Structures are given as structure tokens and as C-alpha cells.
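A short reminder: the numbers here are calculations on the coordinates, not readings from a lab. Quantities reported herein were computed from a predicted structural model and do not represent experimental measurements. Using ideal geometry, Cβ is built from the backbone for each residue, glycine included, and neighbour counts are taken over all protein chains shown.
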């Protein structure tokens, strides 16, 4: 049986949560970091299964497993992206209006502010949104096929062009990821 001391110093050493408006106590840098890691892991699975889907495989079952894993992990990445984006913008004290009007940042460049990192973040966000939007349109016929009701949404050849947009957005995403994250020494 353990005895816990209730000294006044013990009460002062405990950190109290920051006070914030109704239900926003979870919005911290730590929760933002956890959302980022969940999104990164999901995007890693998406990238790995996307590479498998690009390979010319003869095994239909492996392709079907990769397709389902790609769709599920892509949906999870989208689910983690929205709250991460909102908390990340709030952590950086960024106005949510800049999300819809990113050209407002360009005015500040002329005043001499360095917004390189922020503009790269918006490029990263736009490439992710393009990736998610093209992925959803590409996925709808695949989901319909998996449900046993094959259909197409785009005219003949439209899916091939949309797949090229999807692949281009993924390459653009990788470029923005490498440039957006700060470089730190490993020591």
C-alpha cells in the first residue's frame, strides 16, 4: 500500500492545463505533433501501396489488397489532415482566412518579411488537397467496383489524365515536404 503525500509543494509542481474556451483544451503542440505523426504514417502506407499499384503485377489478389489498403490509409490520412491543419495553423497563430485567401501572404513579402517557410507550407497544403481531391474522384469507381456495382464518372480517358494529376501531385507533395521541414543537425 503506498502513501501519497499531499504537501503544498507537490500541488505547485503539478502543471495545470491552459485555460481556453469550451472544449479547446486538446489544442496543444503535443496534440498537433500526434496528429502529424498519424497523418505521416498513413501517408507512408498510401505511398507504399501506391507504388505497388503502379507495378505491373499479374496477381489480382495482391493488387486488390493493395487497392483496399491504399483507399483505407488515404481516407485515414484525410481524416487526420483536417484537424492537424486547423491545430497547426492555430499553433502558428496563422489566420484561418489565409487558408482560403493565401495571396494575402504575398503582400507581406513586399514589406520585407521572410515568409518562405509559410509559403512552402501553403504549397504543401495545396498539393495535399489536390492529391486528396484527385484520389477521391479516382477512388469512387474502385469503391463502386468493390461493392459490386461498377461505374465510371469521367469520360473515356479521363481517369488516365486524372491519375497523371494524382501522380504529379504526389511528386509535388514530396518536393514541398523536403523543403518545408526545417533542417536540423543530427548530433
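Side notes on the structure shown:
- The gain in end-to-end length when the residue 175 to residue 97 segment is fully stretched comes to 25.6 nm, 0.36 nm per residue minus the alpha carbon separation.
- Potential extension, residue 136-residue 30 segment - 0.36 nm per residue separation minus Cα distance: 35.2 nm
- Peptide packing for 43-56, 144-157 was compared via the average number of neighbouring C-beta atoms within 10 Å per residue; ordered from the highest value, the list is 43-56, 144-157.
- Region 117-177: C-alpha gyration tensor shape, a/c 1.5 cut-off, then a/b vs b/c: prolate
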